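Presented below is the structure to which this report refers.
The values are calculated or read from the model by the stated rules, or taken from the named source; none is laboratory data. Bear in mind the structure is a predicted one, so any value in this text is a computation, not a measurement. We place every Cβ from the backbone using ideal geometry, glycine too, and count neighbours over all the protein chains shown.
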């Protein structure tokens with residue numbers, strides 16, 4: 001059960017866990033699903049290790065252009081990714097920018113589980129320092145945005161499975 005400061009979503013994706021993991025951890029694939037379409041992610045950098053950099057830049061047809069840098073805290077191959085926006089590469093405190101542009105500190109836990117029949121149970125949990133930040137993230141469109149991206153992640157992984 002999530003805390004009142006947490007936001008979570010869960011999806012059953014129509015692709016095996018190893019491909020969902022690869023779609024989440026390979027920057028070439030992340031660019032295809034990270035931003036809700038028609039927004040795009042032209043830049044992704046990932047150093048998949050504790051203390052490693054996690055950088056994305058999203059752009060949109062309305063002139064939206066936002067970059068975010070985080071830090072991976074835990075990487076369990078094929079099972080779990082933990083990262084935070086509060087820290088940058090090498091555990092350095094992060095400059096989050098204005099809150100109205102997504103500059104909220106949170107820690108994200110992504111888990112990947114076999115669901116049977118070649119499908120994956122994907123769960124994303126965003127933990128915030130207080131209820132106000134959690135509510136602000138929800139109002140910014142957490143469920144819609146992260147949900148759309150989770151569905152797009154599933155599409156990318158399913159395409160990878162079809163090509164295999």
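Odds and ends about this structure:
- The conditions of being in a helix (DSSP H, G or I), touching a residue at least 40 places away in the same chain (Cβ under 8 Å), closer than 14 Å to residue 112 by Cβ and touching a helix residue (DSSP H, G or I) at 6+ places or on another chain (Cβ under 9 Å) are met by residue 23.
- The residue pairs whose first member lies in the range 113-127 and is farther than 13 Å from residue 18 by Cα, whose second member is outside any strand (DSSP E or B), and whose beta carbons are closer than 7 Å, counting only pairs six or more residues apart or on different chains, are 124/146; 124/150; 125/2; 126/137; 126/142; 127/5.
- Qualifying position, being surrounded by 14 or more Cβ atoms within 10 Å (Cβ to Cβ), over 12 Å from the mean Cα position of the chain (by Cα) and modelled with pLDDT of 95 or more, among 82, 75, 30: 75
- Sole exception among (1) under 14 Å from the mean Cα position of the chain (by Cα); (2) more than 14 Å from residue 154 (Cβ to Cβ) for residue 24, by number: (2)
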